[in-house]
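This report concerns only the one structure given below.
The values are calculated or read from the model by the stated rules, or taken from the named source; none is laboratory data. None of these values were measured; they are calculated from a predicted model. Reconstructed Cβ throughout: ideal geometry from the backbone, glycine too, with neighbour counts over all protein chains shown.
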Amino acid sequence: MTGLEYALSGLVILLASFVQGLTGFGFSLLAVPLLTVVIGVKNAVTLGVICGICVTFYNFWTLRSHFTLNSIRELVIGSLVGIPFGSYFLRETHAAVIRDLLGLVILAFVFFSLLNLPRVRSFSRRWGYLFGLSAGLCGGAVSISGPPILIYSYIKGWNKEEFKGTIAAYFFVTGLLIFAGHLLTGSTNGSTLLRFLALSPFLALGAFAGHSFFTTIDSKVFRRIILAILGILGISMLVL
């Protein structure tokens, strides 16, 4: 990397890791499109996966007392089933159609959430299979698996620690699976790892700062931040 590429990549990773350190998600959604401009698509995707795994592990570890494996069992099983079907849909359907549909679903959820309708108190964990399946379908089709998981976690009504700890654990598990796939296909190599090591100080600083800010806000403010990010994500899917 040139000095300019290093500085720009570091700035992007600092910002993206701060967002994920704060909310528990969003690193790849924010970092990969920006890194693509600086270091190319392949390098951006592989670097984004490695960095995302590190930040999600940090988030999970700091909140491990608020998480149990049972919290993500149904989500992971559903995702594993949905990923190959999503890949099939990508071959048979234009990706833009899938992105637009997902964007509309996200905006509809944000709209109804802002109406302050009565919250579902007995939301069965079995719904996790459906939301996990949806996440797998979206991940396999357009490489965006997060929104269904975030919506599920929001509906569950968890406090901010449970919310962030649970989604961090989910993204850590699925991130490892993606990383394994990259290793098997040769997408991740020595140069990728060297680039990661060079940029890791930005990653660590951003994740620490984001988590520090997370500890200072209450659950209501945190939920508003989640809805705001989901709204931005839904709009971006429709207009980009």
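Details
- Considering only residues in region 1-35 that are of a type in the set (Ser, Thr, Tyr) and under 29 Å from PHE163 (Cβ atoms), the one that is nearest to the chain's Cα centre (by Cα) turns out to be SER28.
- Scanning region 31-42 for residues that are at pLDDT below 80 and either buried (at least 21 other Cβ atoms within 10 Å of the Cβ) or outside any helix (DSSP H, G or I) (or both) yields one hit, VAL32.
- Between LEU80, LEU102, LEU107, the distinction of being assigned to a helix (DSSP H, G or I), more than 18 Å from ILE178 (Cα to Cα), modelled with pLDDT of 80 or more and out of contact with any strand residue (DSSP E or B) (no Cβ under 6 Å at 6 or more places or on another chain) belongs to LEU107 only.
- The set of residues from region 53-64 being touching a helix residue (DSSP H, G or I) at 6+ places or on another chain (Cβ under 8 Å) and surrounded by fewer than 15 Cβ atoms within 10 Å (Cβ to Cβ) comprises just one member, ARG64.
- In region 167-190, the residues that are under 12 Å from VAL76 (Cα atoms) reach residues that are at pLDDT 80 or above and assigned to a loop (DSSP other than H, G, I, E, B) with C-beta atoms within less than 9 angstrom, at least six apart or across chains, in these pairs: ILE167/GLY24; ILE167/PHE25; ALA169/LEU63; PHE171/GLY24; PHE171/PHE25.
- In region 191-209, the residue that is surrounded by the most Cβ atoms within 10 Å (Cβ to Cβ) out of those that are among the polar types (S, T, N, Q) and closer than 14 Å to THR46 by Cβ is THR192.
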